[in-house]
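Heads up: the structure comes next, in structure tokens.
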Amino acid sequence: MSEQPVTISPKRRRLLFVAHVVGLLAVFYSYVLLRVRQELFYQQDPAVFLFDSYFLAGFLNQPGGLVEYASAFLSPLFAFGWLGALVVTLLATLICLATRQFIAAIAGTGGRFVFLVPALLILTLLGQYSHPVRLCVGLCAVLVLANMYARIGKGHAAVRLAAFVIASALAYYVAAGLYVVFAFSCGVFEWRVNRHRWLGVLCVLCAAIIPTVAGTWLCGLSIRETYRGLMLPTARYWLAVPSSSLVTMSIRVALLLFFPVAAIAVAWRRRPAGSPVVDPGTRPQAEHPDEAAREAERPVSPLRLAVQSAVLIALGIGADFALFDFPTKCSLLVAYSAERQKWADVLTHARHLPPSDVWNVFHVNRALYHDGELLDRMFAYP
């Protein structure tokens, strides 16, 4: 006998939705804490944060400085594994909630699980040991500004244009190259929702115009510095595997493209051409669009929600199996254990390494020396 969908009250729907999201985020936190081990990011970048005006001043004179300042504050927290995992989980949660709010502004409903895809891509990026803080903080900033722009709704085109110019200046100053995500998201909103084609095209063109004008002409930056934060950082840790940079960059591009692509997809599916646009923040309860009303009245099957959650977890497991950079993790663990003089752990992790890194050989020889086995087991490791 098949399970019949059960119609439940809006309050219980929200509670069920929150329970599923919290459960998935708990899985996210456990994965980061136990599998990725956030303290290894501090091993890569043992940054120091100072609470003084001189330290702050070094970040305020360049685009993206505020995001880098916030990242410099959060990065030392990764020295404590549980705290670093909590920081990444909170940042991923903010990104997902901002994504859901922006999708709701376009389609009238935030969807059930599409907005959680950025968390899955962030997990995959963590598995490549690409430091996540600056990217996540920057995405939080530009998505918040995109949501603020979407709240203007059906305001006059001139008002929205002025708001976009002001928000663009703020977004570029705060997040530098990640401003591109803001510009494309606003362009999709104008093109597909408000039906102002010229303003949508202008928003997209500003992804190139604003960084060129503000970065190259006003600040005298090079093209790469103008889009800082959008590409992989030029300074790479000595343990980073060069061949993995293509994989890391591909995942990063997929994460950045997700937001405008998802906006286009939900707008195309939920809002047919010529349908009226109503600001979700100002419309009365009785005037919700038909699609949003059908979504609210649609029967909910707890089994279906559980299956969707299981699909997301299965996708995460598959991504981990295919893309997780285990050699880099072992190299970081060798260096991490050697610094703390845990020689047995050094030898344990070194067994999984290829014979390609002189620094690993150095740490292995140190561990064998301190264990009194240097002459006996020197050639037992790669």
In segment 30-54, residue nearest to Leu333 (Cα to Cα) [restricted to those that are among the β-branched types (Val, Ile, Thr) and open to solvent by less than 60 Å² (accessible area, probe 1.4 Å)]: Val36
Would you point out which residue out of Ala169, Ala176, Ala157, Ala150 is small (Gly, Ala, Ser), touching a helix residue (DSSP H, G or I) at 6+ places or on another chain (Cβ under 8 Å) and open to solvent by 30 Å² or more (accessible area, probe 1.4 Å)? Ala169
Do you know which residues across segment 153-182 are under 23 Å from Asn194 (Cβ atoms), among the hydrophobic types (A, V, I, L, M, F, W, C) and in contact (Cβ under 8 Å) with a residue 60 or more places away in the chain? Val180, Val181
State all residues of segment 44-74 that are polar (S, T, N, Q) and either farther than 23 Å from Tyr172 by Cβ or part of a loop (DSSP other than H, G, I, E, B) (or both); if no residue qualifies, say none. Gln44, Ser53, Asn61, Gln62
Is it the case that some residue within segment 126-141 is more than 13 Å from the chain's Cα centre (by Cα) and of a type in the set (S, T, N, Q)? yes
When you scan segment 179-236 for helices (runs of 4 or more DSSP H) that lie fully inside it, which ones turn up with 1 or more residues that are among the acidic types (Asp, Glu), open to solvent by 20 Å² or more (accessible area, probe 1.4 Å) and more than 22 Å from Arg151 (Cα to Cα)? 223-226
Restricting attention to segment 328-347, the residues that are under 27 Å from Val27 (Cβ atoms) and surrounded by fewer than 17 Cβ atoms within 10 Å (Cβ to Cβ) number exactly 1
Output the residues belonging to segment 86-102 that are open to solvent by 10 Å² or more (accessible area, probe 1.4 Å) and more than 9 Å from the chain's Cα centre (by Cα). Leu86, Val87, Thr89, Leu90, Thr93, Leu94, Leu97, Ala98, Arg100, Gln101, Phe102
Take Leu120 and decide whether it is open to solvent by 10 Å² or more (accessible area, probe 1.4 Å), in contact with a Lys or Arg (Cβ under 9 Å, 6 or more places away or on another chain) and in contact (Cβ under 8 Å) with a residue 40 or more places away in the chain. no
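The values are calculated or read from the model by the stated rules, or taken from the named source; none is laboratory data. Fair warning: this is a prediction, and the values are worked out from it, not measured in the lab. For neighbour counting, all protein chains shown are included, and Cβ atoms are generated from backbone atoms with ideal geometry for every residue, glycine included. Areas reflect the complete protein model, heavy atoms only, side chains present, ligands, DNA and RNA absent. Shrake-Rupley method; radii C 1.70, N 1.55, O 1.52, S 1.80 Å.
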